[in-house]
Each structure stands twice: as C-alpha cells, then as structure tokens.
1. Is it true that residue A:179 is open to solvent by less than 10 Å² (accessible area, probe 1.4 Å) and either in contact with a helix residue (DSSP H, G or I) (Cβ under 6 Å, 6 or more places away or on another chain) or under 22 Å from residue B:127 (Cα atoms) (or both)?
2. Under 7 Å by Cβ, and 6 or more places apart or on different chains, what pairs join a residue from the range A:194-213 that is closer than 19 Å to residue A:270 by Cβ and in contact (Cβ under 8 Å) with a residue 60 or more places away in the chain with one that is of a type in the set (S, T, N, Q) and in a helix (DSSP H, G or I)?
3. Of a type in the set (Lys, Arg), outside the structural domain of residue A:268 (by TED's automatic domain parsing) and part of a strand (DSSP E or B): is that true of residue A:105 in this structure?
4. Among the candidates A:294, A:266, single out the residue that is closer than 30 Å to residue A:210 by Cβ, assigned by TED's automatic domain parsing to the domain that holds residue A:173 and aromatic (Phe, Trp, Tyr).
5. If you go through the range A:284-319, how many residues are assigned to a helix (DSSP H, G or I) and within 24 Å of the chain's Cα centre (by Cα)?
6. Looking at the range A:139-160, can you tell me whether even one residue there is over 30 Å from residue B:91 (Cα atoms) and surrounded by fewer than 23 Cβ atoms within 10 Å (Cβ to Cβ)?
7. Regarding the range B:157-171, can at least one residue be identified that is facing another protein chain (nearest Cβ under 9 Å) and in contact (Cβ under 8 Å) with a residue 40 or more places away in the chain?
8. Being at the interface with chain A (Cβ under 8 Å from one of its Cβ atoms) and assigned to a loop (DSSP other than H, G, I, E, B) is the filter here, so list the residues in the range B:76-102 that pass it.
2 protein chains.
Amino acid sequence: MKSKVILLAHGSGGKATHQLIDDLLVPRLRNNFLSELTDSALLPVDTDKILFTTDAYVVDPPFFPGGDIGRLAVNGTVNDLAVCGGKPRYLSLSFILEEGFPLDKLEIIVQSIADAAGEAGVMVVTGDTKVVGRGSADKIFITTSGVATLITEAPLTIRNIRPGDTMLLSGSIGDHGIAVMLEREGLELKADIVSDTAPLNEMTARIMTEPGAVRFMRDPTRGGIATTLSEIALQSQLGIIINEEAIPIKPAVAGASEILGLDPLYIANEGKLIAVVAPDRAENILEIMRSCRYGKDAAAIGMVTEKSPRKVILKTRVGGSRIVDMLAGEQLPRIC
Amino acid sequence: MKSKVILLAHGSGGKATHQLIDDLLVPRLRNNFLSELTDSALLPVDTDKILFTTDAYVVDPPFFPGGDIGRLAVNGTVNDLAVCGGKPRYLSLSFILEEGFPLDKLEIIVQSIADAAGEAGVMVVTGDTKVVGRGSADKIFITTSGVATLITEAPLTIRNIRPGDTMLLSGSIGDHGIAVMLEREGLELKADIVSDTAPLNEMTARIMTEPGAVRFMRDPTRGGIATTLSEIALQSQLGIIINEEAIPIKPAVAGASEILGLDPLYIANEGKLIAVVAPDRAENILEIMRSCRYGKDAAAIGMVTEKSPRKVILKTRVGGSRIVDMLAGEQLPRIC
C-alpha cells in the first residue's frame, strides 16, 4: 500500500524520491525544462543580463484564508523580480518536508504552485526535496529562487529617485499578516479578511511602458510599508513624507489590528508594491495601476523630499506628524 | 548587549535582520552584486542560455569531519551545475534558522560559504534569512540555487551516451556519508574518515576541452553511485556493466560500512562525479582527472552496453554478477 504521508525515504534520492517527483510533482508542474530531470535546467534567456532572487517561506499555518504556502512561495519570488523591473521567467522549488506530512496536503500545495505559476506566466524548471525526521521541521518549508529578464534596458535603482517624486501604493495594507495571524490563533473575526498574496508582474510591466516614469519599486512584505519606506529613505539618502489618511486599509483589517495591538504599517503584505514615480506622471500611472486586477485600491500616499534626509515622516489623521522607523523587534513571526 | 544567539527578530525583515545582514553576512560574502541589497540581483551572463539549479541542505550534524553545512551547500550546487557542463557563476543563499542557534556557529558557516565560493570561483549574489521558533526547525537549513553559463555550445545530455562508452569515477566512494554518520552517532572510528565535499568545476572544465569526448556527467550524492548509475541506465535505455574491483574505496570507509551494515554503493558522496566518455578518449580523460586536485583516485569502473538495457550489472570481486538497483528505502537520512 502506498503511504499517505511523507516518509524519510521520500528524501533519500532513491526510488521513493523518484516516485514522488514522477507521481506528484512533474504532472502538475510539467514543462519541457522540468521534464528533463537533470541536475540543472538549461534555459534560454535571450539577453545578456538576468535578475536572480531567492526567498524561503516558512509561513505558519501553511494554509490560510486567501492562499497557502505554495501560492505565497511563487508570488513572493515573482514579485521580488517584478519590482526590480524584471519579467519573471523561471523558478526553482526546494522543499524541506517533515516526516509524516500528509501527501494530500502536499498535493494541494503543489497544485497551488502550478496555478500561481500559470497565472504569473513563469515555469518551475528545477527542484529538490529533502525530508527531515518528525520534530526537526514544522510541516513544510519552501524556498523558491527565480530568474527574470529585464523589461527595460536600464534597471530600476534607488539612485533614480528624485526629490518631489510621488509615492504610490498599489492597494490596502495589512491583509496578509492579519489573515495569517487570525488563522494561526483561531480567532473568529477572520470571515472578511483574506491574504492579498498575488503576482504583481502584470502591473509592473504595464506601468513601466513609459521610460523613466517609474523610478523605483519595492514590495512591502515582512516589516510592512513602514520598513520598506524606511529602507528607501535610508538607501536614497532622501526624506519621505506620507499622509496617513491616504493609506488604503480595509476596515476589518484596521479593526483586527487594533484588537490585536498591532500597527498596520508594520504588518506584512504579499500582493502590494510601492512605486516611486515622476510627479508629472503619477496620475497617469495611478490610473494604470487601478485598471490592473491587483491594483483597484491603488493610491498616492506621499512624496519624496530633500528635507528630513533618511527619514520617513507620517502626517497623521489628526494633523500631527511622527517619524516612522524600521520594525525593531518581531511582531508576527513566520508570516511568510 | 548584543544577542549571542539567533532571535525571532533576526527573521523579521526589520532592524535585526538588517543588522545580521550588514554585520555577519555581507562582510564575508562581499561582492558588487550582493552589496546592492535589492530584492533581486542584476547579473551579466553574456550568453543566451543559462543553467539553473537548486538544492536544500539539511545535514545533521551541521559540522562534520571535512566540512560543514556551508561548504556542502556551496559545493553541492556548484557540482550540480558543473556536471551539466556549466561554468558556475552565481549563487543564492537562503537560510532557515532555529531561534537560539548560536551566532558564532553561524559566523563559522558563513565563512565556510565564503571560502568555498572563493575556491569554486562563484559569487553569492542574493539571499534570504528566515527564523522559526525553537523546535520548529533543527538548528540550520540552507537552500542554495545556482546559475551557470555553458562551457561548450552543445549541452551534455543523456542522449549522447553510446554503447561501448567508458564509465569513469573521479575518486573513492562513501567518504561523505560515512563521515557524517560516524559524527552523528559519536562513533570512535572516525579519525581517518572525512567528507569528500569539494567543488568539481575545475575538473569538469578541464575534461570538457575536447569536444564530444565527454558524453554525460552526474555527481553521485544521495543514493550513492548505485542510484546514479541506475538513473543513467534507465534514462539512456542502455545497460551499464561495472567492475566491483575497479571502484575506489578507502579501507577505513569499507571497514566502517561493513561494521554499520551499509552498502557503500548506496552511500552519498559530495565531491565525486561519474563521467561517461568516448572509449578511445577514456585513458586521456582519466589522466586529466588524476591531475586535478579532487581527482587523484579517479578510475575507469565499467562500460555502457546494449545488452541488459535499463539495468546496472555489477561484476563482483569473486567473479559473479548481480543487478544493482536504485536505493529503495532510506539508509542514511539527512546526509546532505
């Protein structure tokens, strides 16, 4: 009888590993590159420069409202490439599985990976599976690396940012972090809150058609928009002024954050981007964002300034202002 | 006071993560691509085709005679690229750390990664660090992905293999698996046995200078040479005859295998390759292998045949013969 759970033998590199690859992985992820099953995939890139990135996903629990670790692992890596001005092309997929993890759950996750890859237009071309004994890992960890080609000849770099540039945010904040948190804690207000995990490469490609208009992009995941904005201010040596009122947030997410004592500025997003754009093109780019599937709630949230270099200033709803710093401790472990 | 162990905050994406990256990782791994610290690294490849691979490393214990998880994670991925005919260029590095893992041990591992990357001539260009709570992972897991350019225009594929081709093995078998096993079990015979973890890209580049002479290569890691030979036989639809007597094995490794009840044909190697080569070039290629730092004990161990398709036949020392199959269960979990 075939096992219904992951065994140590599935990580041996021998027969059980081959069976897992042939029965569960390849049929769902099939493409000409993966099917070769060599140690490395040989890939056309048709360019002399590539973008390359990696991320580990350890989200707890692996299934949450709006997605699962598989969808997250594809979208997260796709987005890291997209915000650097890339057209994501190829993904690698590396599993670390705990002995005893149910095979039917792994099937669902692999199907999610296949669906997410299909939506984003990328191919999973190479992979690896390791199994560790019970108690040596928590259910399932996935590392995805990705390769992209560049959409435009000139890469987006933080050195492109100019004082006066407009800060755009592609939608509401905190959805992913709060959805995972409520699921993990088994709290009841979760009905309306789902993760925003989504591929952003359609949006980034569409807003980059006008050369130079988009200066820089980043996706505010771990640490939330506060941390991402702080990174941009620090690395650009410029200041950023943000209007609290302009930041989109769903009422249910705002309410849950308040109940949980969390600041939504620091909560992870998995389908949002911050774009720094030329001020005279901001309105136009915002329109394009809003016409994208994952950009309906996009908003202009602030601007770049020469004043207060290396700092992010938040203009509060009540008319005050405060400095926003990077996340200091860890408010929500294993959110992605 | 700075913590001496990994905290959950080190995986937050916020200040502590930045500090870990700036203080511990970047100074050791420094290069122009990594220092940009963007979501993706922008890399010149100067070619229209790349090789891409990934592997997770979960070896237990992370330190063992002859190496550690860091050196293993670099060499393993370098070798997956090298045996496909690649010149390894860029690595990504993804850590999953258990809360409480000592920072001084992480430093040693990162230094090992830097040293191994230097030896192999590759750069670590992008990375990620996640931290999970105590008991949710076992100390440290590393996933490395790698990008290579091709040494020769035509890639090495299993379809190149012809009946009559010679099977070369670059050195002795079982060293890595036995070294880790003895360390893990705290057994005393370990004095003479060290892991063979090593980069093979110098050797692969040198033996590939003659076009067409090397048909195919693979590195026999998990599952040992038995599993790798079985894979080659299955995928090429040809038979392979191996002479037991010709397979290099160190007496200490043979002895330890016997005591432990393990078949060295199935034990993992981390610095060996099997090359299928044109019979009239075999002697010459063997000479080149033996002149390489990690190929001194290289040997011709068998040949490809049209007889017994899809099977590996071992001619035993005493004159008999038996079929060698792929590893069925798991004899040594978490060996790499």
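1. No, not satisfied.
2. A:197/A:75; A:198/A:75; A:199/A:75; A:199/A:79; A:200/A:79
3. In short, no.
4. Details: A:266 fails: closer than 30 Å to residue A:210 by Cβ.
The conditions single out A:294.
5. Initially, the range A:284-319 is screened for residues assigned to a helix (DSSP H, G or I), giving A:284-290.
Subset that is within 24 Å of the chain's Cα centre (by Cα): A:285-290.
Result for the range A:284-319: 6.
6. Step one: of the range A:139-160, the residues over 30 Å from residue B:91 (Cα atoms) are none.
Looking for residues that are over 30 Å from residue B:91 (Cα atoms) and surrounded by fewer than 23 Cβ atoms within 10 Å (Cβ to Cβ), one finds none in the range A:139-160, hence no.
7. Keep residues of the range B:157-171 that are facing another protein chain (nearest Cβ under 9 Å), which gives B:157-158.
Checking which are in contact (Cβ under 8 Å) with a residue 40 or more places away in the chain leaves us with B:157-158.
Scanning the range B:157-171, I find at least one residue that is facing another protein chain (nearest Cβ under 9 Å) and in contact (Cβ under 8 Å) with a residue 40 or more places away in the chain, so the answer is yes.
8. B:83, B:84
The values are calculated or read from the model by the stated rules, or taken from the named source; none is laboratory data. Note that the structure is predicted; figures quoted are calculated from it, not measured. As a convention, Cβ positions derive from the backbone with ideal geometry for all residues, glycine included, and neighbour counts pool all protein chains shown. Please note that ligands, DNA and RNA were not included when accessible areas were found on the heavy atoms of the full protein model with its side chains. Shrake-Rupley method; radii C 1.70, N 1.55, O 1.52, S 1.80 Å.
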